[in-house]
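Following: one structure in structure tokens, then a few remarks.
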Amino acid sequence: MRRLAIPLALTLLLSGTAIPAQAQGSVSAPIKQPAKRTTQCQGDWLPGTPTADDVMRGEISLVGLPSYKLGKKIDWAASPHRNRSWEYVFQSLRWMGTLVVEYENSGEQRYLERAREITKDWVTHNKRGARGTKAYVWKDHPVSLRSQALVCLSMHVKDDWLKQSLADHAKLLSDARLYKKGHNHGIDQDIALMAIGCRYGRKDWSGLASKRLTGTVKLDVDSQGALMEQAPRYAVYVYGRLQVAMANMRSCGRKVPGEISKRADALKDFIAHSTQPNGYMVPLGDGSAETEPKMETGTPKQKVKAYKAGYVYGRTAWGKPESAYYSIRFGPGMKYHGHEDHLGVTYYAHGRDILVDAGFHSYEKTAYRYWTLSPEAHNVPTVVGERFRPRTSSKLVKTKYGSGSQAFRLTDKAYGVTRTRSVLVHHDEDVMAVLDTASGGKKIKNLWRFDDALKLVSNRAGRVVLRDGKFDVTLVQLASCKPVGGQKVQRGGKQGWMSPTYLSKQPTNVVVSPAARSLLTIIVPGADSPKVSCSGGKVTVNGVSFPAGLL
């Protein structure tokens, strides 16, 4: 089983009961009193690493990367791994927050003293706009995430410099020009501003956060409960953040708008449908194959669900790892955490991945990262001789639901001409069939990326067989009901790659079809020599028949 290599998202922030501002004044050291556990510090907002003792030793490990020796005197411009996620988490100071939590839990003053020392040093050396301060330090997400750690520290350290820093954070969080409306970052901004406003009794801050949140949620989560950021794994993050946001509003004496709670509940269904029978989320957009929701979603009534946001999900059963599952992409053009995967499919059957996307590598600005966003990293049709047009929307134009099969037709003009893909998934005999065409007599090609465990066995006469142990998968391609040969299989090279986990890159087999005016691709899991025939407008696979046009 795959396990998480990095957190699902940067963290969950938690703040609680509103506390009036304390009498202010410069204090040379943290107040000496028995540790008191506070809602602002306690909760599931800290990363698994580093621990408080790691920080005390001066070594921190962030986002699954090797430890960095922090030292007594901290270099705030450090970027030992040249990794954007590491930089953001480093500047969030959540790792400092582990010290305050440990102080609350143990009562040992040394943890609080070191937390205060680290934070005061950070405030001194990271003035916004000052020479030497990295620009990303004051980007919206580090600011939002850092606010939780600073609010937590403020429960025990009453120094003016800390209160002023929190005021600086609130000013930035309040700036409409910097607000990420309709995005999980906007939700984090509202949570942070609410926390600071409640901490110091600033109703203007907490009121603004509450007012903005409803609009952002309505843009980020549609009425069906689908996340609009085009990466299903972020739905888990957003669901958790909304729970925190609603708790904060109640703690501040504010009523939670019904639209927020309703869409948060609908997100659970979307997360359930986005999760494969093996318990891992389907790796679409910026989402890797290692993501487990680890939350209670309940069991939706439907086995097949089409979301207007651009997803079709289907399965044969709930709660059975061996059941079949598929996903199909369409909808609005690429944005936020999306990829150019429209008309793409994934397929899971016999308790294992069959067709997969290239996955999510990282947010680093590398050629490989940008390739994972491209159509070539997904199971899609391409129009020969035509230029791809990024961020083109696509439509689901026809559906047909049967007890043992489902079929869908999708279309767009991502290559300037109309390309159409019809998909049929049959469950009585596990089969996926895909028909691709393009308008104007244009020829079309397609790509099929198989799970890395499947190795090439044979490639001849329009049939490609892959195998893992005793498990076989066969791909058959037809053009106008006749077998079409000439498939190329790449493992590595230009296209044969995938990233099943964060920062990983490994070779896998990709089947590249020949060009034809129409291509019918049939995927048969669990068979090395399926009986496939086509005549009279009907295709038969191992005794199961369906229209050659699929719908």
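Looking only at the stretch 219-238, residues that are open to solvent by 10 Å² or more (accessible area, probe 1.4 Å), within 12 Å of I187 (Cβ to Cβ) and touching an Asp or Glu at 6+ places or on another chain (Cβ under 9 Å) come to 1 in all.
Based on what the data block shows, is V397 open to solvent by 30 Å² or more (accessible area, probe 1.4 Å) and either free of Cβ contacts under 8 Å to residues at least 60 places away in the same chain or over 21 Å from the mean Cα position of the chain (by Cα) (or both)? So V397 passes the test.
Residue-level check: of (1) over 18 Å from the mean Cα position of the chain (by Cα); (2) surrounded by fewer than 20 Cβ atoms within 10 Å (Cβ to Cβ), T297 misses just (1).
Screening V236, V312 for residues that are under 17 Å from H183 (Cα atoms) and touching a residue at least 60 places away in the same chain (Cβ under 8 Å) leaves exactly one candidate, V236. The single condition among (1) touching a Gly at 6+ places or on another chain (Cβ under 9 Å); (2) more than 14 Å from L227 (Cα to Cα); (3) open to solvent by less than 10 Å² (accessible area, probe 1.4 Å); (4) of a type in the set (G, A, S) that A358 does not meet is (1). Restricting attention to the stretch 413-449, which residues are open to solvent by less than 10 Å² (accessible area, probe 1.4 Å) and acidic (D, E)? Passing the criteria: only D436. Of all residues being surrounded by fewer than 22 Cβ atoms within 10 Å (Cβ to Cβ) and among the small types (G, A, S) in the stretch 463-499, which is farthest from N509 (Cα to Cα)? Just the residue, please. Looking at the filtered set, the residue picked out is S480. Taking the stretch 167-215 as the range and being open to solvent by 10 Å² or more (accessible area, probe 1.4 Å) and in contact with a strand residue (DSSP E or B) (Cβ under 9 Å, 6 or more places away or on another chain) as the test, no residue passes.
Can you name the residue in the stretch 300-322 that is outside any loop (DSSP other than H, G, I, E, B) and of a type in the set (G, A, S) and, of all such residues, is most open to solvent (accessible area, probe 1.4 Å)? Selected residue: A306.
Scanning the stretch 124-156 for residues that are open to solvent by less than 10 Å² (accessible area, probe 1.4 Å) and in a loop (DSSP other than H, G, I, E, B) turns up N126, H156. Which of (1) open to solvent by 30 Å² or more (accessible area, probe 1.4 Å); (2) modelled with pLDDT under 95; (3) of a type in the set (D, E, K, R); (4) under 27 Å from W318 (Cβ atoms) is the odd one out, the single condition K268 does not satisfy? K268 satisfies all of (1) open to solvent by 30 Å² or more (accessible area, probe 1.4 Å); (2) modelled with pLDDT under 95; (3) of a type in the set (D, E, K, R); (4) under 27 Å from W318 (Cβ atoms) except (2). Looking across the stretch 455-482, the residues that are of a type outside the set (S, T, N, Q), under 17 Å from V431 (Cβ atoms) and either part of a strand (DSSP E or B) or without any contact (Cβ under 8 Å) to a residue 40 or more places away in the chain (or both) come down to G462, R463, V464, V465, L466, F471, D472, V473, L475, V476, L478.
Screening the candidates D121, D159 for the property of being open to solvent by less than 10 Å² (accessible area, probe 1.4 Å), over 30 Å from E229 (Cβ atoms) and among the acidic types (D, E) yields one hit, D159.
Every condition in (1) closer than 27 Å to Y370 by Cβ; (2) more than 25 Å from the chain's Cα centre (by Cα); (3) in contact (Cβ under 8 Å) with a residue 40 or more places away in the chain is met by P507 except one, and the failing one is (2).
The values are calculated or read from the model by the stated rules, or taken from the named source; none is laboratory data. These figures come from a predicted structure and were not determined experimentally. Cβ: placed from backbone, ideal geometry, glycine included. Neighbour counts: every protein chain shown. Only protein heavy atoms, including side chains, enter the accessible area calculation; ligands, DNA and RNA are left aside. Shrake-Rupley method; radii C 1.70, N 1.55, O 1.52, S 1.80 Å.
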